[in-house]
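Report on the structure given below.
The values are calculated or read from the model by the stated rules, or taken from the named source; none is laboratory data. From a predicted model like this one, the values you see are computed outputs, not experimental measurements. FYI the Cβ positions are ideal-geometry reconstructions off the backbone, even for glycines, and counts take in every protein chain you see. Keep in mind that these areas ignore ligands, DNA and RNA; they rest on the heavy atoms of the full protein, side chains included. Shrake-Rupley method; radii C 1.70, N 1.55, O 1.52, S 1.80 Å.
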Amino acid sequence: DELAKADFPPPEAMDEAQVARNLAEGRGYTTDFIRPFSIYLVQKHNREAHAAEAHSTNALGFAQLDGTHPDLANAPAYPTLLAGLMKLSSPDWALDTDKPIWSSKGKYQRYRHEFGIAILNQVLLLTAVMLTFFITRKLFDAAAAWLAAGLTLGLDLLWKFSVSGLSTMLLRVIFLGLIWCLIKIEELGRAEPPAVRRLFAWAVAAGLILGLGMLTRYAFGWLIV
């Protein structure tokens, strides 16, 4: 597996990347990372769906371990975004040892798709910096906005996340988008008279963004509370 030779440190990032690869290849939302609990859930579902066939069918078939095992662990938004990125760059999983940017003296140096994922996350980081600026300027003033944006841009931890391959940067952008919606709702709610239609539109937008956040990390749903 050529993708396994990439260098993302967190195993979660490699897990999401291989799901994205399967999506990009047209294999659906499937995984090559088989978990015992996932096997149990898929077996249980398939046995219930084909109860009449259960007595004559091998349990291995119910577990779908033949290369089409559905992924139940990762929220779908981020792998889907990565799959789109891979499709745009014409999926080719072989290591490139010819071009200088990917190799050094004929030896593999960096993986093309891993590099693309890192660039995507750094674009998301810059988007988060921009949203931080606008939100802070809205709540305070321009000086505070420049300070907050500068501190965010210079935060070493965020740059480490931007090259980790994790969905952290996407989730940060989604969270800041949700904050912007709440600011607009509060602003419109104080108007005399309240702009009911615009309030409703921003509330719908907040709900959609919250849903997108839940599809990025399931635990994001706690924000409903």
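Screening LEU199, LEU166 for residues that are closer than 20 Å to THR127 by Cβ and either open to solvent by less than 40 Å² (accessible area, probe 1.4 Å) or at pLDDT below 95 (or both) leaves exactly one candidate, LEU166. Against the conditions (1) over 21 Å from PRO76 (Cα atoms); (2) modelled with pLDDT of 80 or more; (3) not β-branched (Val, Ile, Thr), GLY61 satisfies every one except (2). Of all residues in region 11-51, those satisfying the criterion of being open to solvent by less than 40 Å² (accessible area, probe 1.4 Å), of a type in the set (Gly, Ala, Ser) and either outside any helix (DSSP H, G or I) or in contact (Cβ under 8 Å) with a residue 40 or more places away in the chain (or both) are ALA13, ALA17, ALA20, ALA24, GLY28.
Residues checked against (1) open to solvent by 80 Å² or more (accessible area, probe 1.4 Å); (2) modelled with pLDDT of 90 or more:
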| site | (1), (2) |
| --- | --- |
| LYS99 | yes, no |
| GLY106 | no, no |
| ARG110 | yes, no |
| LEU126 | yes, yes |
| LEU131 | no, yes |
| TRP146 | yes, yes |
| ALA149 | no, yes |
